[in-house]
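Read the structure below first, then the notes.
The values are calculated or read from the model by the stated rules, or taken from the named source; none is laboratory data. This is a predicted model, so every value here is computed, not measured. Every residue, glycine among them, receives a Cβ derived from its backbone with ideal geometry; neighbour counts consider all protein chains shown.
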Amino acid sequence: MDPLRPSDHASQAPTQNPSLGASGWLRFIWRQLTSMKTALVLLLLLALAAIPGSLVPQRSSDPNGVVRYRQDDPELYELLDSLQLFDTYTSVWFSAIYLLLFISLVGCILPRTNHHLKALKSPPPATPKNLYRLESHRLESLGASEAQEDVIARAERVLQGVGYRTRRYGASVAGETGYLRETANLVFHFALVGILLSLAIVTGFKYSGQRILIEGTTFTNDLASYDSFTQGPWFSPRALTPFALTLDDFTPTYRFNETSGAAEPLDFAATITVTEEGGQGEEVLRVNQPLAVGGASVYLLGNGFAPQVTIRNPEGQVVFSQAVVFLPQDQNLTSLGVVKVPDGLAQQVGMMGFFYPSAVTLESGALASVYPEPDLPIVTFNVFTGDLGLDEGIPRNVYSLETDDMVQIAGGDSENSALVLGLGQELDLPDGLGTVAFEALPRYISVDIHRDPTQLPVAIFSALIVLGLMVSLFVVRRRVWVRVNDSGSGTALEVAALSRNDDPAQGKAVDDILQRILKAEENRLSS
Amino acid sequence: MIEMLATYSLIGVYSAMAVYTLAFLFYSVDLSTRAARPAGQQSASSQNAGDTLTPEKTSMRATFYQRVATAMMMIAWLVHLAATILRGLAGGRVPWANMFEFGLTATLLISAVFLGSLLWRDLAYLGAFVSGFVLLALGIVTVNYYVDVVPLPPALQSYWLVIHVFVASLATAFFALGSGLSIYQLIRSRVDRSGGSLPRLMASLPDAATLESLAYRLYVIGFVLWTFTLIAGAVWAERAWGRYWGWDVKEVWTFIIWVIFAGYIHARATRGWRGDRAAWLGLIGFGALIFNYAIVNVFFTGLHSYSGL
């Protein structure tokens with residue numbers, strides 16, 4: 001699994017050909033799986049397998065895109081869905097690749113760890129007979145003034161001084177350095193396994209919920225208060241710590257770009273009163289600035305307008321009064337909203353509304369919003385009567401109106417034009433049903449509240465990954481031998497090195513060690 | 001004021017491109033004169049480029065044209081730097097917040113890493129590749145991706161913009177140089193394989209093994225930076241979107257690039273994969289990086305739609 005696997009590692013032993021038997025086959029398969037070549041192929045497969053998930057919308061990140069895909073091309077959708085292409089990263093084939101890769105990885109790093117622990121305990125290997133065969137080899141003749149033993153002792157001190165672990169072998173000394181490289185490399189790979197394990201184990205405790213919060217309203221943290229909620233298998237509602245959030249104010253800041261004519265958002269700031277067991281405090285929530293409350297994090301996801309709509313029956317009694325959340329459809333916050341009045345009027349009434357914060361009338365007579373701020377806020381309603389479909393107990397989307405069983409009485413092809421209301425205005429509903437008023441214009445924000453306990457372990461392992469990577473790629477594992485040769489003509493000092501990996505600085509290191517030994521020699525002579 | 005600074009910046013970009021063109025021409029002339037020189041003069045040079053042991057590591061002596069080209073490269077880089085700084089001043093922020101600016105900064109870093117690496121090794125033979133690539137990239141980016149200076153949208157208002165994007169462009173610079181060496185390596189090893197005598201041009205370059213080991217060192221630095229990019233991106237995503245990983249298209253491609261270069265590093269240690277195959281992997285990795293920038297940003301829908309186009 002690793003570039004630096006020692007050359008004497010088990011997997012590099014020659015494979016035997018004779019009949020294998022069951023355990024032999026298992027061992028053979030294991031060897032194959034944990035071999036470097038397999039790991040490499042699996043890595044490349046993983047990169048390849050990740051591509052489709054970027055070409056096809058994913059349920060996890062773009063559920064609406066998947067729905068659109070289904071509408072646009074149902075046949076292709078069926079085919080791709082049967083291949084799990086809309087869930088690429090949890091699909092059987094993607095999972096198979098990364099699980100095999102991790103098995104291969106574990107099968108590689110466990111024996112390597114064992115091997116490395118042994119290496120850490122054993123001394124540097126004996127000095128080879130023919131040092132001159134090594135790539136960096138230096139030979140320097142010394143004056144015969146000093147005993148062999150003293151020179152070797154000095155060489156050993158020099159090696160130790162520059163961080164080598166040493167061992168004397170007769171008239172030579174062996175040194176090895178850079179054990180940290182393999183240590184760091186193992187740390188890197190174990191940290192990868194650590195990330196996978198923490199994802200596998202801790203993800204079960206995750207939860208995340210979304211909620212729309214209108215100015216002036218309060219959210220309390222319990223399961224029933226969320227608009228939508230997803231949870232891991234081991235989540236317990238007790239994990240929801242009691243707290244409450246009140247949206248006091250939401251202020252967006254825009255800048256008008258004179259060249260493009262578009263409004264550019266500069267800042268979205270929500271002032272929120274947080275009530276916890278300990279007390280109350282005011283906090284500002286921004287896009288890149290989540291709130292940490294009661295072990296959970298609160299994120300600002302979106303915002304819009306929630307016009308306060310009040311409907312009265314012909315007697316003037318209020319039958320509906322609510323800030324209605326309108327969902328933004330474009331940059332200038334032209335928004336879409338639905339009002340459903342099941343009770344209190346002569347008939348069930350449904351209204352489909354458009355909201356324009358800065359309304360202008362186009363040449364076609366249609367309205368449009370030209371700026372996301374409420375400079376001239378207008379709500380328009382198409383009105384329907386009939387069955388809202390709320391009585392059968394089937395859950396209905398509050399943001400859409402099923403008009404199949406309803407009759408349109410205002411807007412569209414009906415005889416009345418759509419209701420157009422400015423802020424503070426009130427109009428009669430057709431057929432003497434009552435009145436509708438646009439009374440106030442609070443804003444709303446949508447927030448995501450969640451707790452992801454995988455964050456901490458993943459963060460720790462990621463830090464280990466970077467650290468392990470840097471150390472393992474830039475530390476060099478190198479052996480150096482120094483030998484004193486006595487020949488008839490005098491004493492010669494021999495220095496040579498062998499590195500286990502790419503070592504551009506090998507020659508320099510050998511020269512440096514030689515110089516240090518010679519310098520120590522000079523110092524001795526001059527003192 | 002802002003518009004004036006942005007205009008000066010753009011003038012700077014065009015001027016830098018003009019000087020890069022000169023550098024490219026001189027580097028090309030240099031390569032062709034090497035090809036014309038008698039082979040004997042060059043045989044010594046081919047060995048030393050990758051070897052620190054030889055005290056005269058500059059024995060691959062710079063020709064007149066090469067020295068002029070490198071001087072041009074430095075001038076172009078300074079003008080490029082000024083243009084980038086002006087762009088930053090015009091925006092009142094770091095100059096890497098949209099595709100045009102990312103291109104501007106990434107190419108600046110490619111030149112910077114190239115010029116810096118000349119202090120480390122004689123890589124001047126890469127000059128034609130680097131100046132050509134930077135010139136082409138700057139031209140494409142300016143023509144296709146230029147946008148006026150606009151304030152940062154709230155989603156980008158984070159110091160992680162400074163860290164994450166800068167490290168990503170630095171990683172891009174190292175990968176770019178590495179892939180330049182990989183291209184030279186592949187040509188060289190193809191020439192070697194074909195038997196016959198080396199064309200003089202190739203003979204003046206280091207051998208395939210040296211090119212590969214130089215490329216490896218650049219890729220490895222790029223890989224560490226890319227790992228950091230990925231992690232810093234995850235941290236930022238957690239702040240901005242509430243999750244550190246969500247398989248957004250850009251996250252997917254960052255991951256793919258990471259895995260390809262991880263594969264490259266392992267390939268270098270696998271028998272049968274060193275050499276040409278590893279070089280191809282490096283090139284595929286850099287190709288994926290370019291794809292991630294030029295295609296994914298523009299044509300794929302995702303959360304990273306900050307290209308400003």
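Every residue in the stretch A:245-303 that is of a type in the set (Gly, Ala, Ser) and closer than 19 Å to residue A:332 by Cβ, please.
A:260, A:261, A:262, A:263, A:302
If residue B:145 passes every condition in (1) under 30 Å from residue B:238 (Cβ atoms); (2) within 14 Å of chain A (Cβ to nearest Cβ); (3) buried (at least 18 other Cβ atoms within 10 Å of the Cβ) but one, which one does it miss?
(2)
Regarding the stretch A:352-364, can at least one residue be identified that is out of contact with any Leu (no Cβ under 9 Å at 6 or more places or on another chain), small (Gly, Ala, Ser) and either more than 28 Å from residue A:449 (Cα to Cα) or surrounded by fewer than 22 Cβ atoms within 10 Å (Cβ to Cβ) (or both)? Full working, then the answer.
If we filter the stretch A:352-364 for residues that are out of contact with any Leu (no Cβ under 9 Å at 6 or more places or on another chain), which is where we start, we get A:362-364.
When the remaining residues are screened for being small (Gly, Ala, Ser), the result is A:364.
Subset that is either more than 28 Å from residue A:449 (Cα to Cα) or surrounded by fewer than 22 Cβ atoms within 10 Å (Cβ to Cβ) (or both): A:364.
Looking for residues that are out of contact with any Leu (no Cβ under 9 Å at 6 or more places or on another chain), small (Gly, Ala, Ser) and either more than 28 Å from residue A:449 (Cα to Cα) or surrounded by fewer than 22 Cβ atoms within 10 Å (Cβ to Cβ) (or both), one finds at least one in the stretch A:352-364, hence yes.
Within the stretch B:295-309, is even one residue within 9 Å of another protein chain (Cβ to nearest Cβ), surrounded by 22 or more Cβ atoms within 10 Å (Cβ to Cβ), of a type outside the set (Val, Ile, Thr) and within 30 Å of residue B:147 (Cβ to Cβ)?
No, the conditions are met nowhere in the stretch B:295-309.
Does residue A:492 satisfy the condition of being surrounded by fewer than 16 Cβ atoms within 10 Å (Cβ to Cβ) and either at pLDDT below 90 or part of a strand (DSSP E or B) (or both)? I'd like the intermediate steps shown before the answer.
Working: surrounded by fewer than 16 Cβ atoms within 10 Å (Cβ to Cβ): yes; either at pLDDT below 90 or part of a strand (DSSP E or B) (or both): yes.
Answer is yes for this residue.
Do we find that residue A:277 is farther than 17 Å from residue A:448 by Cα and either of a type in the set (Phe, Trp, Tyr) or away from chain B (no Cβ under 14 Å) (or both) in this structure? Even if it seems obvious, please write down each step before you answer.
Working: farther than 17 Å from residue A:448 by Cα: yes; either of a type in the set (Phe, Trp, Tyr) or away from chain B (no Cβ under 14 Å) (or both): yes.
So residue A:277 passes the test.
Please return the ranges of strands (runs of 3 or more DSSP E) entirely within the stretch A:195-245 where 2 or more residues are over 22 Å from residue B:243 (Cα atoms). Before you say what the answer is, go through the steps one by one.
On the way: elements: A:207-214, A:218-220, A:228-231.
In the stretch A:195-245, the matching strands (runs of 3 or more DSSP E) lie at A:218-220.
Could you please find all residues in the stretch B:141-178 being in contact (Cβ under 8 Å) with a residue 40 or more places away in the chain and among the β-branched types (Val, Ile, Thr)?
Answer for the stretch B:141-178, where residues must be in contact (Cβ under 8 Å) with a residue 40 or more places away in the chain and among the β-branched types (Val, Ile, Thr): B:141, B:142, B:147, B:149, B:150, B:162, B:163, B:165, B:167, B:172.
Just need a number here: residues in the stretch A:394-425 that are hydroxyl-bearing (Ser, Thr, Tyr) and over 48 Å from the mean Cα position of the chain (by Cα).
Step one: filter the stretch A:394-425 for residues hydroxyl-bearing (Ser, Thr, Tyr), giving A:399-400, A:403, A:414, A:417.
Pick out the ones that are also over 48 Å from the mean Cα position of the chain (by Cα) and you get A:414, A:417.
So the answer is 2.
Which one of these is closer than 30 Å to residue A:158 by Cβ, out of contact with any Cys (no Cβ under 9 Å at 6 or more places or on another chain) and among the aromatic types (Phe, Trp, Tyr): A:254, A:179, A:207, A:226? Steps first, please.
Values: A:254 fails: closer than 30 Å to residue A:158 by Cβ; A:207 fails: closer than 30 Å to residue A:158 by Cβ; A:226 fails: closer than 30 Å to residue A:158 by Cβ.
Criteria check complete, one pass: A:179.
Which of the following residues is among the aromatic types (Phe, Trp, Tyr), within 14 Å of another protein chain (Cβ to nearest Cβ), buried (at least 20 other Cβ atoms within 10 Å of the Cβ) and under 30 Å from residue B:29 (Cα atoms): B:114, B:129, B:133, B:174? Full working, then the answer.
Details: B:114 fails: within 14 Å of another protein chain (Cβ to nearest Cβ); B:129 fails: within 14 Å of another protein chain (Cβ to nearest Cβ); B:133 fails: within 14 Å of another protein chain (Cβ to nearest Cβ).
Result of the check over B:114, B:129, B:133, B:174: B:174.
Can you tell me which residue within the stretch A:115-129, out of those that are closer than 14 Å to residue A:178 by Cβ and not hydrophobic (A, V, I, L, M, F, W, C), is farthest from the chain's Cα centre (by Cα)? Steps first, answer last, please.
Going residue by residue through the stretch A:115-129, those that are closer than 14 Å to residue A:178 by Cβ are A:116, A:119-120, A:124.
Those still in the list that are not hydrophobic (A, V, I, L, M, F, W, C) too: A:116, A:124.
On the way: A:116: 33, A:124: 43 Å.
Looking at residues that are closer than 14 Å to residue A:178 by Cβ and not hydrophobic (A, V, I, L, M, F, W, C), I get A:124.
Give the stretch B:202-223 a look and list any residue that's within 8 Å of another protein chain (Cβ to nearest Cβ) and crowded, with 19+ Cβ neighbours inside 10 Å, or say none.
Going residue by residue through the stretch B:202-223, those that are within 8 Å of another protein chain (Cβ to nearest Cβ) are B:213, B:216-217, B:220, B:223.
Scanning the stretch B:202-223 gives B:216, B:217, B:220, B:223.
Pull out all pairs, ordered by first then second residue, where Cβ-Cβ is under 9 Å, the residues are six or more apart or on different chains, the first lies in the stretch A:397-413 and is free of Cβ contacts under 8 Å to residues at least 12 places away in the same chain and more than 14 Å from residue A:430 (Cβ to Cβ), and the second is of a type in the set (A, V, I, L, M) and not in a loop (DSSP other than H, G, I, E, B).
A:397/A:338
Determine which member of the set A:446, A:462, A:472 is outside any helix (DSSP H, G or I) and not β-branched (Val, Ile, Thr).
Working: A:462 fails: outside any helix (DSSP H, G or I); A:472 fails: outside any helix (DSSP H, G or I).
Answer to the check: A:446.
Can residue A:248 be described as more than 30 Å from residue A:204 (Cβ to Cβ) and among the acidic types (Asp, Glu)?
On the way: more than 30 Å from residue A:204 (Cβ to Cβ): yes; among the acidic types (Asp, Glu): yes.
Against the criterion (more than 30 Å from residue A:204 (Cβ to Cβ) and among the acidic types (Asp, Glu)), residue A:248 qualifies.
Would you mind listing the helices (runs of 4 or more DSSP H) fully within the stretch B:102-208 where at least 1 residues are among the polar types (S, T, N, Q)? Don't jump to the end; show me each part of the working.
Details: elements: B:127-145, B:166-193, B:200-203.
Result: B:127-145, B:166-193.
Could you grab me the full set of residues in the stretch A:224-262 that are within 11 Å of chain B (Cβ to nearest Cβ), of a type in the set (Gly, Ala, Ser) and within 22 Å of residue A:302 (Cβ to Cβ)?
A:262
Give the stretch A:112-144 a look and list any residue that's more than 18 Å from residue A:506 (Cβ to Cβ), surrounded by 12 or more Cβ atoms within 10 Å (Cβ to Cβ), in contact (Cβ under 8 Å) with a residue 60 or more places away in the chain and in contact with a strand residue (DSSP E or B) (Cβ under 9 Å, 6 or more places away or on another chain), or say none.
Across the stretch A:112-144, the qualifying residues are A:119, A:141, A:142.
Among the numbered criteria (1) more than 50 Å from the chain's Cα centre (by Cα); (2) surrounded by 17 or more Cβ atoms within 10 Å (Cβ to Cβ), which single criterion is violated by residue A:166?
(1)
Out of the residues in the stretch A:288-305 that are touching a residue at least 12 places away in the same chain (Cβ under 8 Å) and at the interface with chain B (Cβ under 8 Å from one of its Cβ atoms), state the one that is surrounded by the most Cβ atoms within 10 Å (Cβ to Cβ). It would help to see each step written out before you state the result.
Our first condition is that a residue be touching a residue at least 12 places away in the same chain (Cβ under 8 Å); within the stretch A:288-305, this holds for A:291, A:293-305.
Still in the running and at the interface with chain B (Cβ under 8 Å from one of its Cβ atoms): A:297, A:299, A:301.
Details: A:297: 19, A:299: 24, A:301: 14.
Taking the candidates together, the pick is A:299.
Filter the stretch A:429-478 for residues that are touching a Pro at 6+ places or on another chain (Cβ under 6 Å) and crowded, with 21+ Cβ neighbours inside 10 Å; which is nearest to residue A:136 (Cα to Cα)?
If we take residues in the stretch A:429-478 being touching a Pro at 6+ places or on another chain (Cβ under 6 Å) and crowded, with 21+ Cβ neighbours inside 10 Å, then A:438 is nearest to residue A:136 (Cα to Cα).
When only residues in the stretch B:88-103 that are of a type in the set (A, V, I, L, M, F, W, C) and within 23 Å of the chain's Cα centre (by Cα) count, which is surrounded by the fewest Cβ atoms within 10 Å (Cβ to Cβ)? Let's see the steps before the verdict.
Kept after step one, since they are of a type in the set (A, V, I, L, M, F, W, C), are these residues of the stretch B:88-103: B:89-90, B:94, B:96-97, B:99-100, B:102.
Cutting the leftovers down to within 23 Å of the chain's Cα centre (by Cα) gives us B:94, B:96-97, B:99-100, B:102.
On the way: B:94: 18, B:96: 26, B:97: 26, B:99: 21, B:100: 24, B:102: 24.
Step by step, filter the stretch B:88-103, then rank; the result is B:94.
From A:468, A:507, A:434, grab the single residue that is small (Gly, Ala, Ser), away from every other protein chain (no Cβ under 11 Å) and in contact (Cβ under 8 Å) with a residue 24 or more places away in the chain.
Numbers: A:468 fails: away from every other protein chain (no Cβ under 11 Å); A:507 fails: away from every other protein chain (no Cβ under 11 Å).
The conditions single out A:434.
Just to be sure, is residue B:273 facing chain A (nearest Cβ under 8 Å) and not in a helix (DSSP H, G or I)? Don't jump to the end; show me each part of the working.
Values: facing chain A (nearest Cβ under 8 Å): yes; not in a helix (DSSP H, G or I): yes.
Yes.
Applying the selection to the stretch A:306-324, what residues are buried (at least 20 other Cβ atoms within 10 Å of the Cβ) and part of a loop (DSSP other than H, G, I, E, B)?
Answer for the stretch A:306-324, where residues must be buried (at least 20 other Cβ atoms within 10 Å of the Cβ) and part of a loop (DSSP other than H, G, I, E, B): A:306, A:307, A:324.
Is it fair to say residue B:79 is at negative phi, at pLDDT 95 or above and not acidic (Asp, Glu)?
Values: at negative phi: yes; at pLDDT 95 or above: yes; not acidic (Asp, Glu): yes.
Spelling it out, residue B:79 is indeed at negative phi, at pLDDT 95 or above and not acidic (Asp, Glu).
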